[in-house]
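Engineer: Submitted below is the structure of interest, expressed as structure tokens.
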Amino acid sequence: MLLTDTRPPATAATVVEQLERLARNVPFGSAYRSAEDGTSLTYRQLHEQASAVAGGLSALVGRGDRVAVALPTSPAGTAVLFGVWMRAATAVVLPVPTGAGASAWNDTALRVVLDSGARVVVVPDGHAVAELTAFLAAGGAEVDVVCTDLLAGAPVAVELPDPEDLAVLQYTSGSTSAPRGVMISHRNIRANVDSIATEMRHRAGPGSGPSALVGWLPLSHDMGLVGVVSCLWSQSPGILMNPSTFVMNPLRWLRAISEHRATGTAAPNFAYQLCVDRARRQSIDDLDLSSLTFAVTGAEMPRRSTIDEFCATFGPRGFDRRAFVPSYGLAEATLLVSGRHGDDGAAVRVFARDSLVVGHRAREARPGENGVEVVSSGAPVSGVTVTIRDDRGASGADGVVGEIVVSGPGVSRGYWGAADPAADGFSESGGLHSFVTSDYGTVIGGEVYVLGRRDDVIVLDGRNLFPEDVERVVAAPIPGVRMARVAALPDPGGAGVVIVAECVRDAQARPSTEVGRDEVVAVVRNRVSGEFGVRTTAVALVRLGQLPLTRSGKVRRKECARLWAHDELKGWA
């Protein structure tokens, strides 16, 4: 099945050129504002600060060199990012160090610095540069570590990058393998943010002007990085929130939307669920979400239960269900692949479970038949083509289950340092790049339905079980207990499945409704056997925060399986 949509491109060749134009033509327009303290940058101020950063970097890096950026989602962090690009260097965006000393980073950050060959690491003011430098050097990374307050130099003339120059090495989340650096060019970014801007204009309606977008995702997350750049491309003021602010109280995200009358935002499914959970014990009477025209949910599979609960909770506060935009994207395509929905919002289909076999046609479940509920990820966005490849490598017809292949101007040329891009699923034809995603899915009625990761599929007695499907069934509420996150894993002996679940007590539950560990285990076993007809060989109930996650909040199932096998997960009391 082939889907495509092509629209005319914008005029600026790169986002750096876009900033140049905005600083010249609308110098006092609002570029970014902090949701916490209100500090802001106009386009002219952003250009000046970025130019000063480029000046500070001029003695340290040259064109094409890699600069690791480990800064919070803030106007100042964004200025550093654009400063790297004004130096025609490549940004390698890392998580912000969690402390001031050598323990602030983990081995993953070290591996990224080593793999990328970064020559400079930029960290927030106040961090112990000497200790971080020693930590990196001990791991074999000889780099200059500088704080933002020491970075600014004399402003320099902008060195416009070529559209084919690398803008970012976006390291993958590592949900199924070690993180790898996706090579994202300036042309890739421009294509993807232009697609996003086109969709924003469509949702806002004719005659609407620029409006605020609110984001809290870290810059090291592809949705966070591209979201920040999209604000500039679409000339929409970006209201930026530090991820730690969201973690402390998810409702501050919604309050920022309400306060700034924002029309758009984006986050993974778990973020919307956290808002629902927090609203159960905190007043939301002050919220007005009626300005939102699109609330993108991506980075993990959207759940209908979360959408329903969010709409039930925040509908009285003005949220329109049609604003929800379940989407599909990945770093190898810069970010967004699909997310265009009709006026009635995202469709939900219930497929017959036994029809979800690669090479077979997915069909909707009949009444009473065992089914799988899947939320549509929408139609491909501007310029993107989606092909479903069956088990023989051929393009599947409408409704056939297979591997999702993405083509378009936003698709990367490959992974950094890889000798053979084709071995990793990348290809090029006529100047257009394609990527075999390792995600299973189908296309019906022009919309993409994602079913799960190929590498995570559990095979039992010749049947394929998608762990996301099992996890969705297990995670349904139990009186007095909430399953925060669930991982479905293959039993090492091949006899069934292993369930690892984070459990928390429902603070609002009545004592009479509380259940114990044995009762929860029994419920889990019954759900798995009843829905899938397979045996649950082990159920591990663990404390909140025990499951290993990627930066986007997805469970790292292979690492979870290792921790479970070595009895390294702390049990739930």
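The values are calculated or read from the model by the stated rules, or taken from the named source; none is laboratory data. Model, not experiment: these values are computed from the prediction. Here the Cβ positions follow ideal geometry from the backbone for every residue, glycine too, while neighbour counts run over all protein chains shown. We work out accessible area using only protein heavy atoms, side chains counted, and drop any ligands, DNA or RNA first. Shrake-Rupley method; radii C 1.70, N 1.55, O 1.52, S 1.80 Å.
Engineer: Tell me which of these Val350 doesn't satisfy, since it passes every other one: (1) among the aliphatic types (A, V, I, L, M); (2) more than 26 Å from Leu225 (Cα to Cα); (3) in a loop (DSSP other than H, G, I, E, B).
Structural biologist: Exception for Val350: condition (3).
Engineer: Let me ask something additional. Being of a type outside the set (S, T, N, Q), out of contact with any helix residue (DSSP H, G or I) (no Cβ under 7 Å at 6 or more places or on another chain) and part of a loop (DSSP other than H, G, I, E, B) is the filter here, so list the residues in region 327-342 that pass it.
Structural biologist: Leu330, His341, Gly342
Engineer: Looking at (1) of a type in the set (Asp, Glu); (2) modelled with pLDDT under 90; (3) out of contact with any Lys or Arg (no Cβ under 7 Å at 6 or more places or on another chain), which one does Glu373 not meet, given that it meets all the others?
Structural biologist: (3)
Engineer: Going through Asp469, Asp420 one at a time, which residue ends up being without any contact (Cβ under 8 Å) to a residue 40 or more places away in the chain, open to solvent by 10 Å² or more (accessible area, probe 1.4 Å) and either in contact with a Pro (Cβ under 7 Å, 6 or more places away or on another chain) or not hydrophobic (A, V, I, L, M, F, W, C) (or both)?
Structural biologist: Selected residue: Asp420, the only one of Asp469, Asp420 that is without any contact (Cβ under 8 Å) to a residue 40 or more places away in the chain, open to solvent by 10 Å² or more (accessible area, probe 1.4 Å) and either in contact with a Pro (Cβ under 7 Å, 6 or more places away or on another chain) or not hydrophobic (A, V, I, L, M, F, W, C) (or both).
Engineer: In addition: Which condition breaks for Thr537 when tested against (1) within 31 Å of the chain's Cα centre (by Cα); (2) hydroxyl-bearing (Ser, Thr, Tyr); (3) at pLDDT 75 or above?
Structural biologist: (1)
Engineer: May I pose another question? Just give me the residues in region 169-191 being modelled with pLDDT of 60 or more and closer than 23 Å to Tyr272 by Cβ, in sequence order.
Structural biologist: The one that is modelled with pLDDT of 60 or more and closer than 23 Å to Tyr272 by Cβ: Ser173.
Engineer: If you don't mind, there's one more thing I want to ask. Condition test on Asp286, is it modelled with pLDDT of 85 or more, open to solvent by 10 Å² or more (accessible area, probe 1.4 Å), in a helix (DSSP H, G or I) and out of contact with any Gly (no Cβ under 6 Å at 6 or more places or on another chain)?
Structural biologist: no
Engineer: Take region 343-368 and flag every residue that is in contact with a helix residue (DSSP H, G or I) (Cβ under 8 Å, 6 or more places away or on another chain), of a type in the set (D, E, K, R) and over 16 Å from Phe466 (Cα atoms).
Structural biologist: Across region 343-368, the qualifying residues are Asp343, Asp344, Arg361, Arg363.
Engineer: If I filter region 72-82 down to residues being out of contact with any Ser or Thr (no Cβ under 7 Å at 6 or more places or on another chain) and either of a type outside the set (Phe, Trp, Tyr) or open to solvent by 10 Å² or more (accessible area, probe 1.4 Å) (or both), which single residue comes out as farthest from Gln18 (Cα to Cα)?
Structural biologist: Once the filter is applied, the top-ranked residue is Pro72.
Engineer: Of everything in region 88-112 that's modelled with pLDDT of 75 or more and more than 30 Å from Ala13 (Cβ to Cβ), which residue is surrounded by the most Cβ atoms within 10 Å (Cβ to Cβ)?
Structural biologist: Ala109
Engineer: Does Thr39 fit the bill of being at pLDDT 90 or above and either touching a Pro at 6+ places or on another chain (Cβ under 8 Å) or not small (Gly, Ala, Ser) (or both)?
Structural biologist: Taking the combined requirement at face value, the residue satisfies it.
Engineer: In addition: Do you know which residues across region 419-444 are closer than 23 Å to Ala347 by Cα and among the acidic types (Asp, Glu)?
Structural biologist: The answer is Asp439, and nothing else.
Engineer: Would you pick out the residues in region 428-443 that are over 17 Å from Gly383 (Cβ atoms), at pLDDT 90 or above and open to solvent by 20 Å² or more (accessible area, probe 1.4 Å)?
Structural biologist: Val436
Yes/no matrix, rows are residues, columns are (1) at pLDDT below 90; (2) not polar (S, T, N, Q):
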| site | (1), (2) |
| --- | --- |
| Cys275 | no, yes |
| Gln282 | yes, no |
| Gly298 | yes, yes |
| Arg303 | yes, yes |
| Asp308 | no, yes |
| Thr313 | no, no |
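Engineer: Out of the residues in region 8-35 that are within 27 Å of the chain's Cα centre (by Cα) and open to solvent by 70 Å² or more (accessible area, probe 1.4 Å), which is modelled with the lowest pLDDT?
Structural biologist: Checked region 8-35; the qualifying residue modelled with the lowest pLDDT is Pro8.
A quick yes/no check of all residues on (1) open to solvent by less than 10 Å² (accessible area, probe 1.4 Å); (2) under 23 Å from the mean Cα position of the chain (by Cα); (3) under 15 Å from Glu447 (Cβ atoms):
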position: Gly329; (1), (2), (3): no, yes, yes
position: Thr334; (1), (2), (3): yes, yes, no
position: Arg353; (1), (2), (3): no, no, no
position: Gly368; (1), (2), (3): no, no, no
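Engineer: I'd like to check something: does region 522-531 contain any residue that is outside any helix (DSSP H, G or I) and modelled with pLDDT under 80?
Structural biologist: no
Engineer: Would region 265-277 turn up any residue that is small (Gly, Ala, Ser) and more than 19 Å from Leu217 (Cβ to Cβ)?
Structural biologist: Taking every residue of region 265-277 in turn, none turns out to be small (Gly, Ala, Ser) and more than 19 Å from Leu217 (Cβ to Cβ).
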